[in-house]
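The structure appears right after this line, and notes come after that.
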2 protein chains.
Amino acid sequence: MKIRILVRLKPGVLDPQGRAVHHALDGLGFAGIEDVRVGRMIELEVADGTTDETLAKMCEQLLANMVIEDYVIERAGEQG
Amino acid sequence: MKIRILVRLKPGVLDPQGRAVHHALDGLGFAGIEDVRVGRMIELEVADGTTDETLAKMCEQLLANMVIEDYVIERAGEQG
């Protein structure tokens, strides 16, 4: 079973990498960009019966820093 | 307009970060994981009329390293 976990900084947490990308895109002449945030995508191939609870534990113990980051779990087929 | 760009290593390109995460999850006792790949998610807030062509240019010029990475552009509402 394919799982996609998206980890992003919580709203309000400063994102220097996003700022750098924003600045670089401006410098390349791309106009009209209002905001850029950079996060991580972790794609897992897990056993079919893996529960949401187990996936949440993986995120909380390892994949995301819960102090400053949020995560979203997407199962294959849920995204377009 | 909210845009989400997912950047992942091309198939076949070694992913040491994914390997490290895989190993760490095994070490934490999570069983049944077959594969882990780590990529980037870039979330942009862009002007409403921004074309796919412009977004592709952003990816190819800055956001993805086309030699070893692929990208996918998702517009808000396309994902579950």
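The values are calculated or read from the model by the stated rules, or taken from the named source; none is laboratory data. Quick caveat: nothing in here was measured; it's all calculated off a predicted structure. Quick reminder, even Gly has a Cβ in these numbers, built from the backbone with ideal geometry, and neighbours come from all protein chains shown.
The table that follows gives values for the structure above.
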{"read-out": "Region B:48-62, residues that are more than 7 Å from chain A (Cβ to nearest Cβ) and either touching a residue at least 40 places away in the same chain (Cβ under 8 Å) or within 17 Å of residue A:56 (Cα to Cα) (or both)", "value": "B:48, B:55, B:59"}
{"read-out": "Output for region A:16-68, where each listed residue is closer than 25 Å to residue A:3 by Cα and β-branched (Val, Ile, Thr)", "value": "A:36, A:38, A:42, A:46, A:50, A:51, A:54, A:67, A:68"}
{"read-out": "Test result for residue A:80, modelled with pLDDT of 95 or more, within 18 Å of the chain's Cα centre (by Cα), on the phi < 0 side of the Ramachandran plot and facing chain B (nearest Cβ under 10 Å)", "value": "no"}
{"read-out": "Considering residues of region B:21-42 that are of a type in the set (Val, Ile, Thr) and in a strand (DSSP E or B) only, the residue farthest from residue A:62 (Cα to Cα)", "value": "B:42"}
{"read-out": "Unique residue being among the acidic types (Asp, Glu), within 7 Å of another protein chain (Cβ to nearest Cβ) and either under 18 Å from residue A:42 (Cα atoms) or surrounded by 14 or more Cβ atoms within 10 Å (Cβ to Cβ) (or both) when the list is B:26, B:15, B:35, B:70", "value": "B:35"}
{"read-out": "Residue in region B:6-20 that is in a strand (DSSP E or B), within 26 Å of residue A:11 (Cα to Cα) and touching a His at 6+ places or on another chain (Cβ under 9 Å) present", "value": "no"}
{"read-out": "Conditions (1) within 11 Å of chain B (Cβ to nearest Cβ); (2) under 15 Å from the mean Cα position of the chain (by Cα); (3) in a strand (DSSP E or B); number of the one not met by residue A:45", "value": "(2)"}
